[in-house]
Amino acid sequence: MSSSSLRTMLAQAAIRGVTEARAKIFGHVLNPTGQRSAHKILRKKFIGEKVVSWYPDDVQKEDPLIVQRREQERLSKLEMLKRRGKGPPKKGQGKRAAKRNK
């Protein structure tokens with residue numbers, strides 16, 4: 001081995017040690033291979049709670065009277081469509097089933 005290669009190896013080891021110490025002291029993530037990681041994204045604060053606080057609570061989902069009225073409207077509309085022959089087909093009577101039976 002020549003003295004220059006030994007010197008470069010020692011310099012690289014010293015630099016690596018300094019880099020590791022700096023990362024440990026300042027709380028950095030050491031990534032000597034340079035691979036992609038999600039650390040940058042995971043380091044940020046979560047904003048979900050803040051975004052949720054911008055919007056009021058949805059009263060329509062919580063109120064049983066509104067839910068019941070909506071369901072009643074849906075059922076009455078469905079009944080009206082069935083009387084006109086426009087309702088959903090019975091199970092096994094739709095377009096795909098008709099294609100299969102031909």
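The values are calculated or read from the model by the stated rules, or taken from the named source; none is laboratory data. Quick caveat: nothing in here was measured; it's all calculated off a predicted structure. Accessible surface is based on the protein model in full, side chains and every heavy atom, while ligands, DNA and RNA are left aside. Shrake-Rupley method; radii C 1.70, N 1.55, O 1.52, S 1.80 Å.
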On a 0 to 90 degree scale, rounded to 10, what angle separates helix 64-83 from the longest Cα axis of the chain?
-> 60 degrees
What are the residues whose amide H is under 5 Å from the amide H of residue 87, where those residues sit 5 or more places off or on another chain and H is modelled from the backbone?
-> 82
Answer label, with Cα extents along the principal axes in Å calculated from the coordinates and candidates (i) 37, 25, 21; (ii) 97, 49, 13; (iii) 62, 31, 21 = (ii)
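Taking only protein heavy atoms into account and a 1.4 Å probe, give the accessible area per residue of the chain in Å².
Numbers: 10730 Å² over 102 residues.
Computed with neighbouring chains in place, this is 105 Å² per residue.
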222 nm mean residue ellipticity, helices alone, for the chain (DSSP H n ≥ 4; -39,500 (n - 2.57); rounded to 500) = -20000 deg cm²/dmol
For the chain, the longest principal axis of the Cα atoms and the Cα long axis of helix 3-26 enclose an angle in degrees, to the nearest 10, of 50 degrees
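May I ask you to give the percent of accessible area on the chain that is carbon plus sulfur, with a probe radius of 1.4 Å? Intermediate values should be presented prior to the final figure.
Working: 6160 of 10730 Å².
Looking at the chain in its full context, I get 57 percent from C and S.
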